[in-house]
Every structure is written in structure tokens, then in C-alpha cells.
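Asker: Please read through the structure below; I'll follow up with questions.
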Amino acid sequence: MNSLIGKNIGRYKILSQLGKGGMAVVYEALDTTLDRRVAIKFIQPGKEQIDVFLARFRREAKALAKLSHPNIVKIFDSGEFEGNPYLVMDYIQGGTLKDLMKDKPLSWQKSVQITIQMARALDAAHKADVLHRDIKPSNILMANDRTPMLSDFGIAKIIGDDGETVTTLTDTGAGIGTPDYMAPEQGVGKADERSDIYALGVALYQLVTGRLPYHADTPLAVMLKKSTEPLPPPSTYVKGLPSQLEQVLVKALASNPSKRFKSMGEFESALERLGGGADTLGTFVDPVTDADATYDQFETKTGTIHTKPFLIFPVAVGAGVLILCVGILGLAFLANRILFTPTSERENPTDSAPLPPSVQEDTPAPNSPTDGASASPESENPTDSAPSPTAGLLPGEEPASTIPERNFPIQIAYVIGTSGGNASIYVADANGGGKDLLTNNNCDNSVPHWSPDGTSIVFQSDCDGTYDIWQMSASGGSPFMLIGSQGYDDREAHYSLSGDQIVYVRHELGVSYNTNGDIRVYSDGSDKSTGVSGRGPVFSPDGSQLAYMHLDGGTWQIYVYDFNSGENSQITFGGDDSRWPAWSPDGREIAYNSATGQGSNPTGIWTISADGGDPQLVIEGDYGRPSWSESNLILFNSPLGLWVARPNGGGLEQITSDYGWAGSWSR
């Protein structure tokens, strides 16, 4: 195929070549219909094995078509041009994770956060019966320095309902992938979810140490080392790594699949505990041992034999030396059948990498003065007081062990302007960049919330004279009224995760917005009252409950309403206003902001168990309207713009400085 630069492929105008590999060439293009940049991946023609290449390419389309996850590169379209098939994908400008590393280690905290997002993406793929089988930093694109996007499902293995392979690009018993990252069992053509766990573990090891765990002169020797040598301790190369992180790596990189994490979700839970600073991780990740010998945490026997190899070839009972020899011969025999990624695609050798210095923990921004003043819900305006972050672990904090099946945030929608004036909604990427104006009219448009599939946004607007619930595409276009009625103001819409219900608040015209309203649920073109009153209602992740704020005795307090039992429970108390609840991804906790500081709790962002209990301070300062993401970040506004922080108060970062407020993560 000759260069396509400058040509039009249907609605797509080819702008430049982004990259070229052994099987495909990728171009940057302009979607002239939607006026957005996209990446188009064309099959790379070749005289040999063209049928195999085409099968791989078509498999990538099939695999990605099954997946909808914001940490997986989106497929928008597919087609064929001059006999060459192509995929139209999301254009990711940030390079790859390999580019971000630059052959040097990242901080272990950042490495863990990136790996958590990849684990969640792969967990979603596994639940869709898709294995990746070629996970490596060069196949992970970075939308920014915090948001990884998994790509290249070209050698993905589609699993049938019975667990058998439906189709394969290799002969029976042949391996496929990149040797540095392949699990030992992939060398003989065997792969399941635990093989992806191993590969992701290798990537995490490389992130925190700047080098691969095993290095040898040939792919065969690399695979052999994985089966016969213990894992080199990461602390050999980077001092000060948490022992729990090494335990996680040992379990993920066990040569025997049965010794690894049972699922990608279990791997992610271990990383979540580590990222949250839990001190109980050692009891969660058991050392990799067997019943016949004692090993330390890096699988080194305390007796005379120093390794515990996992033999990847079935061998009859015999002496230990004979077993190893047979294994080597078997691996050599199969070497020519292993379809490795070409050498040019392999990561850099690791033996020349210098020993990196100790990695220091990230620290949040320094404290700044605070002001107890806060805007009322009536005005919904931020105040001019300066924020005052705090950091540190919360007593007894534990991250979620079970994450609901839902998409992950890759964008934010938020408001600039004063409610009651001409406020407008903007959409930006997860780090606050790439801001685009969504609503372009003279109406008051505010309080956006994303549809579960991330394609549209609901919001409140007074374009029709009263406040109604409107909806429009997240990529722009014309909004349309979704919920509206004469004689009422309808505000604060929030989608259920299932996408079939919207909860919102209705006030009679002329009644102050700073009072309780009728909380209603809209579904299939009709709506009805829930029987409870308040503001700021949000569905729990499983849709069985509502959290909302209710004006009670002069202060706003957080309540939880259970649809099944009809039970309505108050979970916050005292002289402080508690406003704008937001559920944690697992539905166990609720974030909110204490808005007055008149009682015992200072102004700031707090979390509390959904069942009630003692609230925990996340960040002290004049912050409001939290939104809790699947990547365990809480988005909230200050008088100056939007901020993010972890639930333990760490990782505080300002992502906009445009006085934006009412931020909402996409799903």
C-alpha cells in the first residue's frame, strides 16, 4: 500500500502517518463529519502470511467491538479501502506507556495507579470472554500521564462459552506474544486470564524498577529463565519499595498459573489495598509456596535446591535433573513454532539499565489558609476563599474489594458561570485539558451528568422559560428536552447505572430552590414520585438505593432511601450542612461536602459509610460537589476550579483554574 497521506477514505481525510509495525500502519485522520481527529489502522500488506495477517486484523475488530471501556481504545468504525481493511479508533495523543517511562522507573505510587486502571480494563475484557495475550508498555497508550488506554487486541483470544478457543491464529501448541512479557505457559500455546495477569505483572515490575525481571540473549532463554529461576526482588534495583508491593509482584509473576491471583479483579483488589496504604496486605497476598518445601517471598528454597521451577512440559516421573533436561529439549523443539513479536517490537534490554535511585512517595500540595464561608445551594456559586488541603491516611480506611461492572471515567463535564445567569457546560479530558464548550446558547445550563455509556449528558436548563431536564450528545450537537412540565422547575438529573432510569428534583414555580423538592424517577417516558423530598439525589451503583440531601431543622443532612424496603435513613448529623452526596464505586461509602463548618466538622470533603457511622475527612477547605470515579479519585470544585484527590486525601491536584464547578466524571 502506498502512502495515503492527503487522501480521503470516505468521511476521513488522512493527515499523517503515526506509526508502522510488522502487520499494520496507523494514520492520523480527520473525521470531516464530526470534526474530530481519529486514528485509522490499515493492514500492512505482505507477500507471505497475508491470510494470517488479515485474520489477526479482523480479530482485533471483533475483540474490540465486544468491549466498551474508557481504558480501552475505542473503535468508532471499520471498513475496507482498495482491498485493505481498516479500523477507525480514538486518537490518543500522549504516546505510549513505554514513551512515558523512557527506560527509567516511575514512582511506585504512580505505577500502581496506572496498573490498577489496566487491571480494571482487562477485567472487563475477561468478563467479555476476551484475552489480550500481548500486554506490554508499547501497547498501552497514555491519554495523559495518568490515564492509560489499552490497545492492540490483534492477537486476542476469543473464549467460547465452554472455555474452549473458538478460533486461533496459531497451530495447536504454538505460542504467541512478546517473550519478555509472556507467561511461561504461553510458550506451549496455553493461555487463560492468568496469562494476562502475568504479563501485567511484568509491566508493573518494569514500571517500578525500570527493567524487565528476566533478560537473556534469545527469546528461548528468556522463557526458560521464567520457568526455572526465581523472581529477582524489585528492591534489588529500587530501595524503599513497600514489602507489600513485592508480595503482589511475586504472586502475579508466579511461574505456576495456579499460584497467581485467581482473576484480574483479585489482582486489582490487591493493588487497591496497596494504593490506599492498607497495612493488611500481607495477609491478603499469601507467599507462593508448596507443601514439600519452604520458600521465602521470592520463591528461594531454604534448603539445598535454590529454585522452584514450574515445568511447562508434561513429563513422566523421573529424577529432577532429567525433568529439567526434558523441559529444555521440549522448549527448544517448540521454539520454531512460537510466533514471537519481531525483535524490533521488543522492549529495550535491561542489563544495561543503571540502578535507579530510591523512589520517594508523592506528597500532596502544601496546606493553605481556609475560610469557613461557603455558597448556599440557592446560588450554587463557589466563594473566593482559598482551599486548604490535608493529606494522610484515614483511620481504618480500606479500598473496595468488589467493583461493580461499569465503565470508567475518561472525561469530565462541568459548569462555568453563575447558576441563575448564563452558565455553560464544558467537556474536558480527565486531567482538565482539551476543554470544549458543549452548550452554546443564552440559557442557564448546569449540573451535568453523563449517561452510563458516556455518549450523552443530561443537565438542567431554563431555555424553555422554566428549568427542565435536557439531554445532548457529549460530542456536541442540538440539545433536546427530556423531562419538563408546566408549572414546575425540574433540576439535578442523575442516570442510574443501568441507563433506564433518571432521578431528578421537582419544585413548584415560585418556591425557593433552597428547599426540599419532590424527588422523582423518570423511566420509559413517564415518571413518578419516590415519596421522599430533598435535593441532589444520586442512584447507588446497583440502583437499589438513593442518596440525597434533605433540609432538616435548618441544616442539610444526607439520607439514604432503599427502594426495596422503603426504609429512609439519615446518615449525617450535627450542626453542619452536609451536601451533594456521591457514591463510591462499590456502593459502600458516600462522599459529600460539609458546607458551613458551624458544627464540629470543618468545611471540606468527607466520606461516610452508606450505613452511617463516623465521617472521615478527605480534604479540609472550601470544596464542594464531589464526584467519585471508578479509578478511586474524587473530583470536586473550589472557588478557583476543579480538583481531584484520593479518598485518603493524598494525590491532591488542581486540574482546572477556570472557576469551574459541578464536575461529573464520565462512565
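The values are calculated or read from the model by the stated rules, or taken from the named source; none is laboratory data. Please read these numbers as outputs of a predicted model, since none were measured by experiment. As a convention, Cβ positions derive from the backbone with ideal geometry for all residues, glycine included, and neighbour counts pool all protein chains shown. To get the accessible areas, we keep the full protein, side chains included, count just its heavy atoms, and leave off ligands, DNA and RNA. Shrake-Rupley method; radii C 1.70, N 1.55, O 1.52, S 1.80 Å.
Asker: Can you give me the three principal axis dimensions of region 423-561 from its C-alpha atoms, in Å, biggest first?
Answerer: 43, 34, 31
Asker: Continuing with the same structure: What net charge do the residues around residue 568 carry, taking every other residue with its C-beta under 13 Å from that of residue 568, with Lys and Arg at +1 and Asp and Glu at -1?
Answerer: Computed value for this residue: -3.
Asker: Quick one: order 463, 443 from most to least accessible surface, probe 1.4 Å.
Answerer: Highest to lowest solvent-accessible surface, that is 463, 443.
Asker: How compact is region 438-481 by the rule of thumb for globular proteins, expressed as Cα Rg over 2.2 N^0.38 Å?
Answerer: 1.05
Asker: If you average the alpha carbon positions of region 177-245 and of region 497-561, how far apart do those two centres end up, in angstrom?
Answerer: Centre-to-centre distance over Cα atoms comes out at 50 Å.
Asker: Using Cα pairs under 8 angstrom and six or more residues apart, how large is the relative contact order of region 413-476, in percent?
Answerer: Once divided by the residue count of region 413-476, the mean separation gives 25 percent.
Asker: Roll a 1.4 Å probe over the protein heavy atoms and report the accessible area of residue 470 in Å², nearest 10.
Answerer: Probe radius 1.4 Å; accessible area of residue 470 about 40 Å².
Asker: Ignoring ligands and nucleic acids, what accessible area does residue 628 show with a 1.4 Å probe (Å², nearest 10)?
Answerer: Surface open to solvent at residue 628 totals about 20 Å².
Asker: Another question, then. When the Cα centres of region 642-667 and region 563-622 are compared, how far apart do they sit, in Å?
Answerer: 18 Å
Asker: Could you report the accessible area of residue 571 in Å², rounded to 10, computed with a 1.4 Å probe on the protein chains as they sit in the structure?
Answerer: 10 Å²
Asker: Could you work out the local net charge near residue 213, counting Lys and Arg as +1, Asp and Glu as -1, over the other residues with Cβ closer than 11 Å to its Cβ?
Answerer: +1
Asker: Order 220, 633, most accessible first, counting only protein heavy atoms with a 1.4 angstrom probe.
Answerer: In descending accessible area the options line up as 220, 633.
Asker: Based on Cα coordinates alone, diagonalise the gyration tensor for region 514-553, multiply each eigenvalue by 5, take square roots, and list the semi-axes in whole Å, largest first.
Answerer: Output for region 514-553: semi-axes of 19, 14, 7 Å.
Asker: Which value does Rg/Rh take for region 581-667 over its C-alpha atoms, Rh per Kirkwood?
Answerer: 0.94
Asker: Kindly sort 178, 32 by accessible area of their heavy atoms, largest first, with the probe set to 1.4 Å.
Answerer: 32, 178
Asker: Still on this structure: Using modelled backbone amide H atoms (1.01 Å from N, in-plane), which distant-in-sequence or interchain residues come within less than 5 Å of residue 655's amide H?
Answerer: Distant-sequence amide H within range of residue 655: 642, 643, 644.
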